[in-house]
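See below for the structure under consideration.
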Amino acid sequence: MVSRNVVIAVVVVAVLLIAIAVLLTQRGPGVTVTPTPSPGPGTTTPTPYEIKIFTGGTGGVYYPLGTKLADMLNRYSGGRITASASTSGASVANARALATGDANLVFIQNDIAFYAYNGLYMFEGNPVKVIRGVAVLYPEIVQIVVRADSGIRSLSDLEGKIVAVGAPGSGTAVEAEIILRAAGLWDKITPQYLDFRQASEALKLGQVHAAFIVAGIPTAAVQELAATTPVNLVSIPSDLVEKLKAQGYRFFVPVTVPKDTYNGMTSDVQTLAVLAMLAVRADVPDDVVYMILDIMFKHLDELRAAHARAQAISLEKALEGMPIPLHPGAVKYYRDKGITVPPELLPP
């Protein structure tokens with residue numbers, strides 16, 4: 001016999017089911033969920049712009065800075081920029097990559113940017129007119145390295161000597177010729193076309209008397225040489241720097257190399273430098289170039305952490321030694337920061 005409690009439970013469940021059925025009937029048709037509307041014509045959604053950064057070899061300075069910059073652009077651009085960094089043959093190759101469109105943002109020495117824009121030396125007959133300046137970064141020192149026991153102290157002491165002037169077709173080789181011609185010495189030396197490590201080895205063996213090396217200091221190849229063969233640097237006087245600028249080579253800037261840079265140096269040495277810089281294609285959108293600069297300088301501490309050479313990067317010096325017209329987006333950025341843009345740097 002069914003217990004009284006079970007009967008009561010069945011009745012309660014039945015009543016509840018009937019009440020629910022009545023309630024649903026009274027509510028009518030089911031509730032429709034309205035989907036989230038798509039962005040209308042007045043809604044602005046960032047359109048990702050692809051930035052392809054060409055740097056240099058993995059053992060240099062350009063590569064770690066370029067990979068860090070790409071990372072910063074991806075993280076801080078709010079989806080406006082997608083960036084990637086690639087190794088390359090450095091300055092000359094990077095200028096040519098801008099011309100072909102293989103890259104649209106590059107690390108490059110300011111002298112090579114000058115030659116590219118004006119169709120000089122390795123760019124003769126093939127100027128890169130699409131190149132535009134973004135920012136100057138840090139100095140690449142012109143080091144005329146000699147053995148400390150060579151007796152060579154000044155440029156005039158190079159007369160009659162064998163001088164390593166850089167690898168064939170390199171920016172260093174061009175700079176060495178420009179400097180030595182300005183000093184009236186190009187026809188009075190015997191040039192040897194050697195890269196940095198070949199030049200250092202030749203100095204060690206006494207096969208050359210001096211070597212031009214253009215790089216950030218201290219340069220690894222020179223440090224390694226100085227560890228066993230003390231070295232010194234030849235001074236480049238300020239009047240020669242002014243002469244070079246008067247000849248149109250405004251990418252050179254005077255610098256002083258501290259005496260403790262290499263084993264063998266006993267005093268600071270005055271010389272000059274070219275400058276590492278960023279350049280873009282002229283067709284990169286203005287807002288993208290503006291954003292690149294804004295992100296770089298707002299998060300400069302991150303870039304400086306990527307390599308010691310980035311310690312020299314500053315907004316105040318970003319136009320010092322700039323040899324080519326700026327991109328319009330860069331012009332707007334600097335003006336917004338209260339920096340005067342010289343007339344010769346305005347886009348054509």
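Can you list the HN-Hα couplings for the stretch 135-140, worked out from phi with the Karplus curve (6.51, -1.76, 1.60; θ = phi - 60°), rounded to whole Hz and with x for Gly and Pro?
Each residue of the stretch 135-140 in turn: 6, 7, 10, 7, x, 10 Hz.
Over the chain, with a Gaussian network built from C-alpha contacts below 10 Å, which listed residue (ALA167, ALA227, ALA202) shows the highest mean-square fluctuation?
Checking each option, the largest mean-square fluctuation is seen for ALA227.
Could you list which residues have their amide H under 5 Å from that of ASP268, counting only those 5 or more apart in sequence or on another chain, with H placed in the peptide plane?
LYS259
On the first, second and third principal axes, largest extent first, how far apart are the outermost C-alpha atoms of the chain in Å?
Projected onto its principal axes, the Cα set of the chain covers 125, 52, 34 Å.
Take GLU175, GLU242 and sort them by solvent-accessible surface of the protein heavy atoms, 1.4 Å probe, largest at the top.
The most accessible residue leads, giving GLU242, GLU175.
Relative to the longest principal axis of the C-alpha atoms of the chain, give the angle of the C-alpha long axis of helix 91-100, reported between 0 and 90° and rounded to the nearest 10°.
50
In what order, largest first, do HIS209, HIS299, HIS327 sit by accessible area if the probe radius is 1.4 Å?
HIS209, HIS299, HIS327
Between PHE297 and TRP186, how high is the FRET efficiency from 1/(1 + (r/R0)^6) when r is the Cβ-Cβ distance and R₀ = 45 Å? Nearest 0.05.
Taking R0 as 45 Å, the efficiency between PHE297 and TRP186 is 0.65.
For the pair GLU50/LYS243, report the inter-label distance in nm, with labels modelled 7 Å from Cα in the Cβ direction.
The answer from the label model is 5.0 nm.
At 222 nm, what value in deg cm²/dmol follows for the chain if DSSP H runs of at least 4 each add -39500 (n - 2.57) and the sum is divided by all its residues, to the nearest 500?
Mean residue ellipticity at 222 nm (helix-derived): -11000 deg cm²/dmol.
Using the basic label-point model (7 angstrom from Cα toward the beta carbon), what is the SER267 to ALA308 distance in nanometres?
2.6
With r as the distance between the Cβ atoms of ARG250 and GLU316 and R0 = 22 Å, compute the FRET efficiency 1/(1 + (r/R0)^6) and round to 0.05.
Calculated value: 0.75.
Note the angle between two axes, namely the Cα long axis of helix 286-298 and the longest principal axis of the Cα atoms of the chain, as a number of degrees from 0 to 90, rounded to the nearest 10.
So the inclination is approximately 80 degrees.
How much length would be gained if the chain were fully extended between ARG75 and GLU124, taking 0.36 nm per residue of separation minus their Cα-Cα distance, in nm to one decimal?
Net length gain for the segment: 13.7 nm.
Using the Karplus curve 6.51 cos²θ - 1.76 cosθ + 1.60 with θ = phi - 60°, work out ³J(HN,Hα) for each residue of the stretch 270-276 in order, rounded to whole Hz, and write x for Gly and Pro.
7, 8, 9, 8, 9, 10, 6
Using a Gaussian network model of the chain whose springs link C-alpha atoms within less than 10 Å, name the residue from GLY166, GLY321, GLY264 with the highest mean-square fluctuation.
Of GLY166, GLY321, GLY264, the most mobile in the Gaussian network model is GLY264.
What is the Cα centroid distance between the stretch 184-219 and the stretch 71-125, reported in whole angstrom?
Measuring centre to centre over Cα atoms gives 28 Å.
Helix 4-27 versus the longest principal axis of the chain: what is the Cα-based angle in degrees, 0 to 90, to the nearest 10?
Between the helix axis and the principal axis of the chain, the angle is about 70 degrees.
Given a 10 angstrom Cα cut-off, can you work out which residue in ASN263, ASN110, ASN232 is the most mobile in a GNM of the chain?
Its mean-square fluctuation being the largest, the pick is ASN263.
Counting DSSP beta bridges with both partners in the chain, what percentage is antiparallel, nearest 5?
65
Below 19 Å, Cα to Cα, which aspartates and glutamates can LYS245 reach? Residues fewer than 8 away in the same chain don't count.
Candidates past the 8-residue exclusion: ASP111, GLU140, GLU175, GLU177, GLU320, GLU344.
Quick query: amide H of SER88 versus all other amide H atoms, modeled in the peptide plane; which residues come in under 5 Å with a sequence gap of 5 or more or a different chain?
THR55, GLY56, GLY57
Please state the charge dipole magnitude for the chain, taken about the Cα centre, from unit charges on C-beta atoms (+1 on K and R, -1 on D and E), reported in debye and rounded to the nearest 20.
In debye, rounded to 20, the chain gives about 1080.
The values are calculated or read from the model by the stated rules, or taken from the named source; none is laboratory data. Keep in mind that what you see is a predicted model, and the values were worked out from it rather than measured. Note that each Cβ is placed from the backbone with ideal geometry, even for glycine, and that neighbours are counted across all protein chains shown. Accessible surface areas use protein heavy atoms only, side chains included; no ligands, DNA or RNA. Shrake-Rupley method; radii C 1.70, N 1.55, O 1.52, S 1.80 Å.
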